[in-house]
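*Asks:* Dropping the structure in here first, questions after.
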Amino acid sequence: MNKRTARTNAKWYKMDVHIHTAASSDFQQPQTSMLEILQRAEAKGMDIIGITDHNTVSGFRKMSQEISQLEMLKGLNRLLPNEKSRLDEYHRLLNKILVLPGFEFTATFGFHILALFSPSKSIREIEHLLLNLNIPEKLVDEGASTVGATTDVLQAYQAINQAGGFVIAAHANSSNGVAMRGFNFGGQTKIAYTQDPNLHALEVTDLEQEGRRTTASFFNGTKPEYPRRMHCIQGSDSHRLIRDINRKKNLGVGDRATEILLEEKSFEAILNVFTGNDFSKTRPLREVSAPSFNFILSALEEGANIIQDFHPSMTIRGGKLYAILADICAFSNTNGGTLYIGVDPENKNNPPGVPNPQKNIELIEKEVNNRISPPIKCEIDVQDLKNKKILRAIISRGEDAPYALDENKIYIREEAETSLAVRDEIVGLVMRGKNLTVSSYQPQKESASTSQIEEQKTLNKTSTADDSVIEPKTGIELLPPQERNGTKYFVLRDLRNGNTVKNVTQKSARRLWQYAIKRYNEVSPNIQKIDVTWQGNYGIIRKYNVLNYTNYDLVYKQDNAYRYFFGVTSNGIHGPWKSLVGEMDD
């Protein structure tokens with residue numbers, strides 16, 4: 001069912017949810033009071049802050065106890081003038097700033113996790129959670145970052161989420177972060193630690209930087225092994241009141257913050273952002289003199305990919321509206337995504353815009369509801385770009401696949417291309433919709449022809465003969481064809497997910513497949529004669545550009561045979577392929 005996003009009351013709020021107090025043992029100015037931290041947050045323009053001391057909530061608890069004590073004295077008419085002034089200041093600041101209780105948890109192997117809760121959450125409950133996370137009882141009030149063996153990262157995510165908090169991987173790309181570079185733990189562990197459904201956001205230290213090597217770019221959903229796009233924010237991680245003038249990276253309260261677009265200033269509204277699919281609702285807080293962040297221009301710089309695309313117009317004539325519907329169907333069947341309508345990637349500075357945007361939103365909603373089944377989740381809103389109205393459609397990955405346009409056209413997204421799914425892909429979508437795995441899917445047995453048996457032998461041999469080969473993670477692998485009745489039938493492996501598509505002919509192939517078959521027919525008979533750049537058994541056949549992306553055709557020498565990989569994007573290059581193509585490791 002479509003849902004139109006309304007932003008009539010939405011407002012940008014300034015937020016720093018990683019603030020330490022004197023309750024942390026490594027706080028650099030231990031005489032600093034909680035009132036001074038609130039006053040500094042106000043001076044920095046913060047609307048929302050999080051108190052996240054190391055493995056303790058005692059800083060927030062002491063503030064709450066102090067306020068309760070002052071209010072009790074007020075009720076007894078025993079407040080001294082200075083106490084009344086202090087209580088009034090607390091009330092003024094807490095009416096202005098939303099203060100979230102929480103902690104920075106040290107998980108197994110020293111990874112840090114931020115846990116934030118509603119101000120109405122009982123402090124006793126939060127402390128009980130810390131004990132359940134194996135913080136020793138004698139250390140619950142110590143505020144130490146070193147607390148011995150505690151709880152695994154994934155278990156901590158789940159426990160915090162189930163306790164009603166939102167979960168943020170602290171300084172994920174830096175020291176003690178779950179996505180930091182150079183830490184010797186397996187790739188599957190890193191994927192699990194950054195893609196777990198109980199994790200709501202990543203805190204990163206390079207949010208204001210641009211380029212494909214930033215943390216936010218890495219986790220934008222285009223990498224095959226990291227298909228879940230992650231919300232990325234920044235926080236000060238302040239261990240002092242004001243930035244250290246001698247060590248500029250030693251930040252104070254509010255010195256590195258995030259802006260968040262909320263309908264209201266509340267814990268629940270923040271959690272809704274972090275559990276939603278609108279990634280434009282957070283942005284780095286920048287100085288007034290710095291250029292403001294524009295997520296549409298940022299998307300245009302990235303270009304079309306597996307999770308986003310652009311349409312200059314949406315006229316019915318010429319099939320432009322149909323192309324939009326096909327993309328919406330494809331995103332629902334694949335990883336979800338965002339469509340921008342009224343922008344032209346070829347002319348970024350002069351977007352055509354969409355006339356009468358509300359009328360066109362209603363048209364898209366009507367067409368989606370009437371023509372795509374089963375119902376999908378699609379949010380549409382209006383954005384401004386260079387004084388033009390742009391439509392943005394946010395499509396969630398569907399849980400009831402496959403989704404079909406006009407009852408029988410099932411589209412999927414493959415890199416920057418939307419294509420009709422073929423039989424094997426449709427089977428995979430059905431299995432996904434039924435929560436089946438390949439091993440649990442048992443099709444009815446049929447007698448196999450000799451050519452089909454040989455085809456399967458080729459597939460098995462190619463995919464298992466050398467387990468040491470590191471395959472690219474995008475593009476397709478084309479296996480040697482089988483010829484039946486004068487027609488060559490190819491087997492293709494989607495390198496993003498390992499899915500196999502059989503019985504592909506030159507005539508039935510989609511664009512990338514047609515290219516791969518054409519190149520295979522040109523290259524495979526002459527592989528020993530053509531100019532291949534080799535590094536051991538790994539080789540580059542061709543490097544070329546498609547849209548904004550560099551693509552590669554690659555080959556791997558396996559004994560006396562060769563394996564061919566076509567249309568591999570930069571996101572799929574890893575391991576020994578990186579040094580071959582001249583890229584640095586992430």
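*Asks:* Out of Ala416, Gly498, Gln69, whose Cα points farthest toward the positive end of the dipole of the chain (charges: +1 Lys, Arg; -1 Asp, Glu; placed on Cβ)?
*Replies:* Working it through, the farthest residue towards the positive pole turns out to be Ala416.
*Asks:* Assign unit charges at the C-beta atoms only (+1 for Lys and Arg, -1 for Asp and Glu), then state the dipole size of the stretch 2-293 relative to its Cα centre in Debye, rounded to the nearest 20.
*Replies:* My answer is approximately 720 debye.
*Asks:* Another one. Work through the residues other than Asp494 whose Cβ is under 13 Å from its Cβ and net out their charges, Lys, Arg +1 and Asp, Glu -1.
*Replies:* Around Asp494, the charge tally is -1.
*Asks:* Here's something else I'd like to know. Can you give the % of DSSP beta bridges in the stretch 300-433 that are antiparallel, to the nearest 5?
*Replies:* 85 percent
*Asks:* Same structure, new question: Using bins 5 angstrom wide from zero, how does P(r) for the stretch 255-315 break down, in % of all Cα pairs?
*Replies:* 4, 13, 19, 20, 19, 14, 8, 2, 0, 0
*Asks:* What ranking of Tyr544, Tyr489 emerges when the number of other C-beta atoms within 10 Å of each C-beta is taken as an exposure proxy, fewest first?
*Replies:* Tyr544, Tyr489
*Asks:* Using only Cα atoms and rounding to the nearest 10 degrees, what angle (0 to 90) does helix 320-333 make with the longest principal axis of the chain?
*Replies:* 70 degrees
*Asks:* What is the Cα centroid distance between the stretch 94-157 and the stretch 244-303, reported in whole angstrom?
*Replies:* 24 Å
*Asks:* Charges on Cβ only, +1 for Lys and Arg, -1 for Asp and Glu, centred on the Cα centroid of the chain; of Asn435, Pro352, His239, which one is farthest towards the dipole's positive end?
*Replies:* Going by the Cα projections, it comes out as Pro352.
*Asks:* Among the aspartates and glutamates, select those whose C-alpha is under 13 Å from the C-alpha of Lys488, and discard any that sit fewer than 8 residues away in the same chain.
*Replies:* Glu455
*Asks:* Around Lys473, with a cut-off of 9 angstrom between Cβ atoms, what is the net charge of the other residues, counting Lys and Arg +1 and Asp and Glu -1?
*Replies:* 0
*Asks:* Sort the following peptides by mean Cβ neighbour count (other Cβ atoms within 10 Å, averaged over residues), highest first: 106-119, 296-309, 320-333.
*Replies:* 320-333, 106-119, 296-309
*Asks:* With just the Cα atoms defining each centre, how far is the stretch 373-438 from the stretch 467-506? Give it in Å.
*Replies:* Rounded to whole Å, the Cα centres lie 24 Å apart.
*Asks:* Give the long-range amide H neighbours of Val17: residues separated by 5 or more places, or on another chain, with amide H under 5 Å away, using H modelled in the peptide plane at 1.01 Å from N.
*Replies:* Amide H neighbours of Val17: Gly50, Ser236.
*Asks:* Which residues' amide hydrogens lie under 5 Å from the amide hydrogen of Ala144, considering only partners 5 or more residues apart or on another chain, with H built in the peptide plane?
*Replies:* The list, which skips near neighbours in sequence, is Ser25.
*Asks:* So, one more: Whole-Hz ³J(HN,Hα) for each residue in the stretch 215-226, computed from phi via Karplus 6.51 cos²θ - 1.76 cosθ + 1.60 with θ = phi - 60°, x for glycine and proline: what do you get?
*Replies:* Rounded to whole hertz, the list is 5, 4, 5, 4, 9, 8, x, 8, 7, x, 7, 10.
*Asks:* What does the charge count near Pro227 come to, summing +1 for each Lys or Arg and -1 for each Asp or Glu among other residues with Cβ under 10 Å from its Cβ?
*Replies:* Result for the local shell: +4.
*Asks:* On a 0 to 90° scale, report how tilted helix 357-371 is relative to the longest principal axis of the chain, with both axes built from alpha carbons and the result rounded to the nearest 10.
*Replies:* Roughly 60 degrees between the two axes.
*Asks:* Take the alpha carbon atoms of the stretch 2-293, find their radius of gyration, then divide it by 2.2 N^0.38 Å using N residues; give the quotient.
*Replies:* My calculation over the Cα atoms of the stretch 2-293 gives 1.00.
*Asks:* So, with +1 on the Cβ of K and R and -1 on the Cβ of D and E, and no other charges, what is the size of the charge dipole of the chain about its Cα centre, to the nearest 20 debye?
*Replies:* Here the chain has a charge dipole of around 1100 debye.
*Asks:* What fraction of the DSSP beta bridges in the stretch 2-293 is antiparallel, stated in percent and rounded to the nearest 5?
*Replies:* Taking every DSSP beta bridge with both residues in the stretch 2-293, the antiparallel ones total about 50 percent.
*Asks:* Please list, in chain and number order, the residues 5+ apart from Ile541 or on another chain whose amide H is under 5 Å from its amide H, with Hs placed from the backbone.
*Replies:* Asp553, Leu554, Val555
*Asks:* Dipole magnitude of the stretch 468-581 about its Cα centre, charges +1 at Lys/Arg Cβ and -1 at Asp/Glu Cβ only, in debye to the nearest 20?
*Replies:* 300 debye
*Asks:* Here's a follow-up. Past the 29 Å Cα-Cα mark, which pairs from Lys377/Lys502; Lys121/Lys248; Lys320/Lys502; Lys348/Lys543; Lys386/Lys473; Lys366/Lys388?
*Replies:* The answer is Lys377/Lys502; Lys121/Lys248; Lys320/Lys502; Lys386/Lys473.
*Asks:* How big is the gap, in Å, between the Cα center of the stretch 29-78 and the Cα center of the stretch 516-575?
*Replies:* Using only Cα atoms, the two centres lie 61 Å from each other.
*Asks:* Would you mind telling me the antiparallel percentage of the DSSP bridges in the chain, rounded to 5?
*Replies:* The antiparallel proportion sits near 75 percent.
*Asks:* Here is a follow-up. Can you give the FRET efficiency to the nearest 0.05 for Asn77 and Leu35, using r as the Cβ-Cβ distance and R₀ = 25 Å?
*Replies:* So, using R0 = 25 Å, E works out to roughly 0.65.
*Asks:* By how many degrees, 0 to 90 and rounded to 10, does the Cα axis of helix 58-75 deviate from the longest principal axis of the chain?
*Replies:* Around 40 degrees separate the two axes.
*Asks:* Among Tyr193, Leu297, Val147, whose Cα sits farthest toward the positive end of the charge dipole of the chain (+1 at Cβ of Lys/Arg, -1 at Cβ of Asp/Glu, about the Cα centre)?
*Replies:* Value computed over the given set: Leu297.
*Asks:* Each label point is 7 Å from the Cα along the Cα-to-Cβ direction; what then is the distance between the points at Asp152 and Asn408, in nm?
*Replies:* Between Asp152 and Asn408, the label points sit 4.8 nm apart.
*Asks:* Lysines within cross-link reach of Lys96: Cα-Cα under 16 Å, excluding same-chain residues under 8 positions apart?
*Replies:* Lys11, Lys14, Lys44, Lys265
Computed from the coordinates by the stated procedures, all read-outs in this text should not be read as laboratory data. This structure is a prediction, so every number in the text was calculated from the model and none was measured. Every residue, glycine among them, receives a Cβ derived from its backbone with ideal geometry; neighbour counts consider all protein chains shown.
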